[in-house]
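Engineer: Next up is a structure, given as structure tokens.
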Amino acid sequence: MECVVLAAGEGKRMRPLTAKRPKVMLPLANRPMMEHLVLATRDAGITDFVFIVGYGEREIRKHFGDGSEFGIHIAYATQRHQRGTADAVSAARDLVTGPFIVLNGDMVLKREDIAELCRKKPACMCISSTDHPGDYGVVLTENGMITSLEEKSKIPKSNLINAGAYLFSPDIFDLIDNVHPSPRGELELTDALAVLVEKRQLCAHHLSYWMDVGHPWDMLDANAALMETTKPANHGVVEEGVTLQNSVIIGEGTVIKSGTYIEGPCIIGKNCRIGPHAYIRGATSIGDDCHVGHCSELKNSIIMAGTKIPHFNYVGDSVVGAGCNFGAGTKIANLRNDHATIRVCGKDTRRKKFGAVIGDDVRFGINCSINVGTMIGSEAKFAPNTVIEGCIGEKAVIR
């Protein structure tokens, strides 16, 4: 069995986080999200992979190489123009030799589900249930077969959706060859699957666990879920007077200074400086080369590599890009006074607690106040005492 991972897209809904990296390389629990999927697939028994790359492919190739570091073999196919999912699968045509599974690179699956999919007979589609099926392809099933597949229906017929994982035989390529551009101008894999649905030749495999990372705020749930089973490990230096609760992982070269209190699960990368007197609460991951300083508090957040949160800062329920710098006293609000769900650039996060999405290399002066649901583009700069809210573009300068 071979596995084709679709990883060519930019992930425009993840902007500004994907301005300098492909979506599948965004970190969850301090690993690229696609790495979690690849490792689960490897643990299910598959060692031959085909990565379909395109946007930001250099970063993917650099991280994964030929796969030997991960105990697998990787072949690459480049989708030069992102013309749709059918076109992406077609790029693997000359690299698969028999039945193969196809996985979207931006989701979290369990090893057991992948192994069970491999035991099915092609063609097979993985399905899952959700409380907002209108955001996905909605399916109906009967006797274990897909009987209907409707993309992003305004009036969903069920709460079952296409989970973006499939088992195919090479016959799928003949169906893809007959696919025509959709109204969006893309070659959709679902148009090829419609032929199989009509003939009742597409089986359904209901996943026991599935998590889609479609928007920046989805990263927080995925990050927390992936850290639930982590075991504590200390490869750095922890000074006297530090309190570590539950599972805390500390990377090489990292120093945790006296007076710091960390509640796991928490993952801290390499060569970080934490404290003194910092407070880091659960479900927080901190990338390499970060600084979280005196009287700063972090909670349920993703902090990417090289970001400095040095003193008297608060960051809650937020995703912060790489290379950012927080001036002293800068804080992010994460709860509305009326406790309503928080919207980001008009999109409902369905979360009552959410702070901000901050791109790479953003600079804040001292005592900035960032309101709930704020999105800030990469390389923006803010003067001291600025009140920041709404959608701020890349390289914005607010004095």
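Engineer: Just to be sure I understand, how many residues within segment 307-322 are in a loop (DSSP other than H, G, I, E, B) and either out of contact with any strand residue (DSSP E or B) (no Cβ under 9 Å at 6 or more places or on another chain) or in contact (Cβ under 8 Å) with a residue 24 or more places away in the chain (or both)?
Structural biologist: 5
Engineer: What are the residue pairs meeting all of these: first residue in segment 110-137, first residue closer than 22 Å to K199 by Cα, second residue among the hydroxyl-bearing types (S, T, Y) and part of a loop (DSSP other than H, G, I, E, B), Cβ atoms under 6 Å, and 6 or more apart or on different chains?
Structural biologist: P122/S169
Engineer: Can S208 be described as assigned by TED's automatic domain parsing to the domain that holds K347 and of a type in the set (G, A, S)?
Structural biologist: no
Engineer: Six or more apart or on different chains, Cβ under 8 Å: which pairs go from a residue in segment 33-56 that's under 13 Å from P22 (Cβ atoms) to one that's of a type in the set (F, W, Y) and crowded, with 24+ Cβ neighbours inside 10 Å? Could you list them?
Structural biologist: That search, which allows pairs on different chains as well, returns E35/F64; F51/F64.
Engineer: Could you please tell me which pairs satisfy a Cβ distance under 6 Å, a separation of 6+ or placement on different chains, a first residue in segment 190-205 that is in the same structural domain as T141 (by TED's automatic domain parsing) and closer than 17 Å to K121 by Cβ, and a second residue that is part of a strand (DSSP E or B) and hydroxyl-bearing (S, T, Y)?
Structural biologist: If the second residue must be part of a strand (DSSP E or B) and hydroxyl-bearing (S, T, Y), the pairs left are A204/T141.
Per-residue answers, yes or no, for (1) in contact with a Gly (Cβ under 7 Å, 6 or more places away or on another chain); (2) outside any helix (DSSP H, G or I):
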{"site": "L6", "(1), (2)": "yes, yes"}
{"site": "E10", "(1), (2)": "no, yes"}
{"site": "T18", "(1), (2)": "yes, yes"}
{"site": "H36", "(1), (2)": "no, no"}
{"site": "R42", "(1), (2)": "yes, no"}
{"site": "F51", "(1), (2)": "no, yes"}
{"site": "Y55", "(1), (2)": "yes, yes"}
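Engineer: Looking for something among the β-branched types (V, I, T), surrounded by fewer than 23 Cβ atoms within 10 Å (Cβ to Cβ), assigned to a loop (DSSP other than H, G, I, E, B) and in contact (Cβ under 8 Å) with a residue 60 or more places away in the chain - is there at least one such residue anywhere in segment 378-398?
Structural biologist: no
Residue-by-condition table, conditions (1) hydrophobic (A, V, I, L, M, F, W, C); (2) modelled with pLDDT under 90; (3) touching a Leu at 6+ places or on another chain (Cβ under 9 Å):
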residue	(1), (2), (3)
T85	no, yes, yes
G98	no, no, no
G105	no, no, yes
K110	no, no, yes
I114	yes, no, yes
A123	yes, yes, yes
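Engineer: Right, next: Quick one: count up the residues across segment 273-306 that are farther than 17 Å from A225 by Cα, in a loop (DSSP other than H, G, I, E, B) and within 23 Å of the chain's Cα centre (by Cα).
Structural biologist: Number of matching residues: 7.
Yes/no matrix, rows are residues, columns are (1) at pLDDT 90 or above; (2) outside any loop (DSSP other than H, G, I, E, B):
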{"residue": "L175", "(1), (2)": "yes, yes"}
{"residue": "E186", "(1), (2)": "no, no"}
{"residue": "D191", "(1), (2)": "no, yes"}
{"residue": "V195", "(1), (2)": "no, yes"}
{"residue": "H215", "(1), (2)": "yes, no"}
{"residue": "N223", "(1), (2)": "yes, yes"}
{"residue": "G253", "(1), (2)": "yes, no"}
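The values are calculated or read from the model by the stated rules, or taken from the named source; none is laboratory data. What you see is a predicted model, and the numbers here were worked out from it, not measured in a lab. Glycine also receives a Cβ, built like all others from the backbone with ideal geometry; neighbour counts cover every protein chain displayed.
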